[in-house]
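What follows is a single structure, written as structure tokens, with notes after it.
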Amino acid sequence: MDKSSLSQASKIIKSGELVAFPTETVYGLGANALNPQAVARIFAAKQRPFFDPLIVHISHIERVKELAADIPPVAEKLMKTFWPGPLTIILKKKEIVPDIVTGGLDSVAIRMPDHPIALKLIELSGCPLAAPSANPFGRLSPTMAIHVKKHLGSSVDLIIDGGKCSKGLESTIIDVTEDTPKVLRVGALAVEEIESIIGKVKRPKKKSAAVTPGSLPYHYAPKTKVILLKRNEPFPKITADSGYLVFGPLQSPLDYHPHALSLSLSKDLVEAAANLFEYLHRLDNEQLKVIYIKPIPSKGLGAAIMDRLRKAANTFRQEKP
Ligand code: TXA
Ligand code: MG
């Protein structure tokens with residue numbers, strides 16, 4: 001991506017239109033966060049309900065002051081340690097942040113992404129960017145430009161291709177508006193890493209109802225039905241029209257199956273996170289009857305991966321027979 005195309009992208013943002021751009025987590029669908037009409041176009045493009053607030057992306061830590069009314073010391077510590085990076089911090093908002101961005105809440109979600117294209121785009125646009133993941137509401141998140149083009153292409157004015165996202169999972173979200181910091185969404189920054197800096201935090205319960213307005217128990221779903229197996233549950237009879245997603249080596253009879261993929265042959269959670277959405281998109285393109293998935297260890301990044309897999313599988317449990 002050269003300078004002139006980024007300046008073209010920033011012109012589109014300035015004129016109140018939408019640009020899909022890469023971050024280290026997933027692709028975002030960006031608009032000028034301070035322009036309510038531009039932000040409204042995001043909701044329309046994603047078919048996202050207005051009660052589900054957006055994350056505001058900035059390119060310099062100092063910019064937080066313009067958006068947040070109160071920055072507690074714990075937030076300062078988190079920003080200094082983890083920004084730029086996959087951590088979104090919820091802070092009390094200032095008047096300047098439009099209600100449409102925050103779904104009418106008095107708090108705002110802010111993140112400084114760790115991606116040169118995202119940072120440059122924000123800087124050239126001269127405004128913070130409101131950006132959800134660039135996928136239709138409730139569906140698989142995009143980790144490659146092609147995912148955005150396929151599922152949102154017609155409603156985005158420009159898609160910047162920055163290759164595959166290095167993290168592949170959405171940012172971890174932490175709310176610091178109350179005394180004890182509370183993780184609202186597990187994500188690309190392991191909760192253990194956060195606790196090593198600021199001590200114990202509250203964690204979301206696995207089976208709880210939505211703790212953030214947008215964190216429904218079903219989400220991240222491919223079109224193809226997903227079944228998440230139990231820890232020691234074997235795959236049902238292997239068939240040609242099913243997909244299989246495992247963690248670790250592909251063992252017989254899946255080693256030569258055309259629709260069997262391993263998130264990481266060497267059981268590396270970082271690699272598995274980066275491959276997760278891409279592999280689900282791939283299997284979803286194969287016209288399969290069902291995708292079977294083996295659970296993975298729920299520690300560190302594994303907890304965030306399992307959160308996505310559970311919600312994808314839940315989507316199909318909600319369906320009426
Ligand atoms: O990695 C990411 O976070 C990506 C990239 C593009 O930055 N963005 C992303 O946005 O995942 P989205 O819209 O898919 O998820 C944002 C989540 C939603 O669940 C929303 O409810 C929550 O953040 N959220 C936003 N503002 C909030 C607030 N003020 N209080 C509580 N939750 C909030
Ligand atoms: Mg999303």
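The values are calculated or read from the model by the stated rules, or taken from the named source; none is laboratory data. What you see is a predicted model; the values in this text were computed from it and never measured. Cβ atoms come from the backbone with ideal geometry, glycine included; neighbour counts cover every protein chain shown. When the accessible area is computed, the model is the full protein with side chains, heavy atoms only, and any ligands, DNA or RNA have been set aside. Shrake-Rupley method; radii C 1.70, N 1.55, O 1.52, S 1.80 Å.
The conditions are (1) assigned to a strand (DSSP E or B); (2) under 30 Å from Val74 (Cβ atoms); (3) not aliphatic (A, V, I, L, M), and Glu195 fails exactly one of them. Which is it?
(1) is the only condition that Glu195 fails.
So which residues in the stretch 267-321 are of a type in the set (Lys, Arg) and on the phi > 0 side of the Ramachandran plot, if there are any at all? So that I can check it myself, show each step before the final result.
So in the stretch 267-321, the residues of a type in the set (Lys, Arg) come out as 267, 282, 289, 294, 299, 308, 310-311, 317, 320.
Across the stretch 267-321, the qualifying residue is only Lys267.
Just give me the residues in the stretch 7-25 being hydrophobic (A, V, I, L, M, F, W, C) and either at pLDDT below 95 or open to solvent by less than 10 Å² (accessible area, probe 1.4 Å) (or both), in sequence order. Give the derivation first.
First, the residues of the stretch 7-25 that are hydrophobic (A, V, I, L, M, F, W, C): 9, 12-13, 18-21.
Those that are hydrophobic (A, V, I, L, M, F, W, C) and either at pLDDT below 95 or open to solvent by less than 10 Å² (accessible area, probe 1.4 Å) (or both): Ala9, Ile13, Leu18, Val19, Ala20, Phe21.
Looking at the stretch 105-123 only, could you name the residues that are β-branched (Val, Ile, Thr) and either open to solvent by 40 Å² or more (accessible area, probe 1.4 Å) or in a helix (DSSP H, G or I) (or both)?
From the stretch 105-123, those β-branched (Val, Ile, Thr) are 108, 110, 117, 122; that's our starting set.
Those that are β-branched (Val, Ile, Thr) and either open to solvent by 40 Å² or more (accessible area, probe 1.4 Å) or in a helix (DSSP H, G or I) (or both): Ile117, Ile122.
With the condition kept exactly as written, say whether any residue in the stretch 130-141 is modelled with pLDDT of 95 or more, assigned to a strand (DSSP E or B) and in the same structural domain as Thr23 (by TED's automatic domain parsing).
yes
Could you check the stretch 221-321 for strands (runs of 3 or more DSSP E) lying wholly inside it with 2 or more residues that are open to solvent by 10 Å² or more (accessible area, probe 1.4 Å)? Steps first, please.
On the way: elements: 225-228, 242-246, 260-262, 290-293.
Passing ranges, in order: 225-228, 260-262, 290-293.
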